[in-house]
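Single-structure report; data block below.
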Amino acid sequence: MTSEYSHYKGMCFSPFSTSVETLTFVENEFQVLDDDIFNVVYPKSGTSWMIEILSLIISGGNPHWSRTVPNWERVPWMEILNMPEKLQTVSERPRLISSHLPFHLFPKSFSSSKAKVIYTVRHPKDVLTSYYHFSTMTVYCKKPESFEQLLQDFLTGDVIYGSWFDHIRGWTSMKDQSRFLLVTYEDLLKDLRGSVVRICKFLGRELDEAAIDSVVENATFKIMKDNKMANFSLMPDELMDQKKSPFMRKGISGDWKNHFTVEQSERFDRVYWQKMKGLDVKFSWDEE
Ligand code: PPS
């Protein structure tokens, strides 16, 4: 079973995960609520990590929820088949919602709401590297002929959820709004505790030291890799075959150096700087 892509307004998506009807519903009819909390992330950039952090913060550091309910039920992806309709009926507040959607395809009702967004960004070369391994084990991505083929598709945006560059440009346009928090995967790696404290503050959740310690401990790579509610091992092999590559693969930064040739890295950099021109946001990797 392999996935050919469909398109919605120029964005590629896998018919195994969503549809034109669902994306149309999300954009035009989904009702965002003022207390919604969105976990928005380009694929392979830390979505599941932020789900864990958010679940644990909302539970006051108690890991029971994270250990008993799959992550896709705790902080569901809004744009997955049947999900937007289901989310409309959820009575718990606040709703915690994940999304890979680019800014311009988000629900129209979002702009006039007070909903908060935590936007997690990862070094794009590591995103591509993670994506490459993911594409070898899942039906949700087209199998690339080679790493080089995927690199070309990534640079032209011919991958699920479209261009990384457009995603960043769209979402960071909100950077000066108080309801938007920009987090990087590299921040989480470098200082998970400090990042958790920052996220708590953003959400207005006061956690004591022991609760923060518990959030940090239960959101580490090691604990998540062993937690079947977080490591996607409950997914059938037909959808994700973890014998080919584990979902919780390496969880590091800089693995791109083991995959890119010097020429590929330089070509990537040229496109990166051209596409990022005029963007008023600097990332730690911009200094490298
Ligand atoms: S998806 O499929 O788009 O939802 O994937 P996503 O969750 O966004 O990204 C998967 C990558 O995030 C890594 N990950 C972590 N790294 C460090 N620490 C923790 N706790 C953690 N949780 C998830 C995961 O290993 C994938 O990265 P790679 O580089 O492939 O290991």
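Quick look at the numbers
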{"item": "Test: residue in the range 83-102 that is surrounded by 22 or more Cβ atoms within 10 Å (Cβ to Cβ) and either without any contact (Cβ under 8 Å) to a residue 24 or more places away in the chain or over 17 Å from the mean Cα position of the chain (by Cα) (or both)", "result": "yes"}
{"item": "Qualifying helices (runs of 4 or more DSSP H) (wholly inside the range 13-70; at least 3 residues being within 13 Å of the ligand (Cβ to nearest atom) and at pLDDT 95 or above)", "result": "47-58"}
{"item": "Filter result for the condition that a residue is among the aromatic types (Phe, Trp, Tyr) and surrounded by 15 or more Cβ atoms within 10 Å (Cβ to Cβ), over TRP65, TRP72", "result": "TRP72"}
{"item": "Candidates VAL197, VAL183 - the one that is modelled with pLDDT of 95 or more and not in a helix (DSSP H, G or I)", "result": "VAL183"}
{"item": "Verdict on SER113 being part of a helix (DSSP H, G or I), surrounded by 15 or more Cβ atoms within 10 Å (Cβ to Cβ) and either over 18 Å from the mean Cα position of the chain (by Cα) or at pLDDT below 95 (or both)", "result": "no"}
{"item": "Filter result for GLU27 (more than 18 Å from PHE232 (Cα to Cα) and not basic (Lys, Arg))", "result": "yes"}
{"item": "All positions within the range 176-199 that are farther than 30 Å from LYS222 by Cα and in contact with a strand residue (DSSP E or B) (Cβ under 6 Å, 6 or more places away or on another chain)", "result": "ARG179"}
{"item": "Count of residues meeting criterion [buried (at least 17 other Cβ atoms within 10 Å of the Cβ), more than 16 Å from the chain's Cα centre (by Cα) and β-branched (Val, Ile, Thr)] in the range 157-198", "result": "1"}
{"item": "So PHE232, is it modelled with pLDDT of 95 or more, hydrophobic (A, V, I, L, M, F, W, C) and under 18 Å from the mean Cα position of the chain (by Cα)", "result": "yes"}
{"item": "Filtered residues of the range 240-275 (kept if away from the ligand (no atom under 13 Å from the Cβ), surrounded by 14 or more Cβ atoms within 10 Å (Cβ to Cβ) and not in a helix (DSSP H, G or I))", "result": "ASP241, PHE260"}
{"item": "Candidate set from the range 204-222 (those that are part of a helix (DSSP H, G or I) and crowded, with 17+ Cβ neighbours inside 10 Å); member that is farthest from the ligand (Cβ to nearest atom)", "result": "ALA211"}
{"item": "Some residue of the range 146-156 being modelled with pLDDT of 95 or more and over 26 Å from ILE252 (Cβ atoms)", "result": "yes"}
{"item": "Close pairs from the range 24-46: first farther than 26 Å from ASP158 by Cβ, partner more than 10 Å from the ligand (Cβ to nearest atom) and in a helix (DSSP H, G or I), Cβ under 6 Å, at least 6 apart", "result": "PHE30/PRO84; GLN31/SER109; VAL32/SER109; VAL32/PHE110"}
{"item": "Conditions (1) more than 30 Å from GLU148 (Cβ to Cβ); (2) under 22 Å from the mean Cα position of the chain (by Cα); (3) polar (S, T, N, Q): number failed by SER284", "result": "(1)"}
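Rundown of residues vs (1) at pLDDT 95 or above; (2) in a strand (DSSP E or B); (3) more than 16 Å from the ligand (Cβ to nearest atom); (4) farther than 28 Å from SER173 by Cα, yes/no style:
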position	(1), (2), (3), (4)
GLU73	yes, no, no, yes
GLU79	yes, no, no, no
ILE97	yes, yes, no, no
TYR119	yes, yes, no, no
ASP126	yes, no, no, no
SER130	yes, no, no, no
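The values are calculated or read from the model by the stated rules, or taken from the named source; none is laboratory data. Being a predicted model, the structure only gives us computed values, none of them experimental. When we count neighbours, we look across all protein chains shown, and the Cβ atoms used for this are built from the backbone with ideal geometry, even at glycine.
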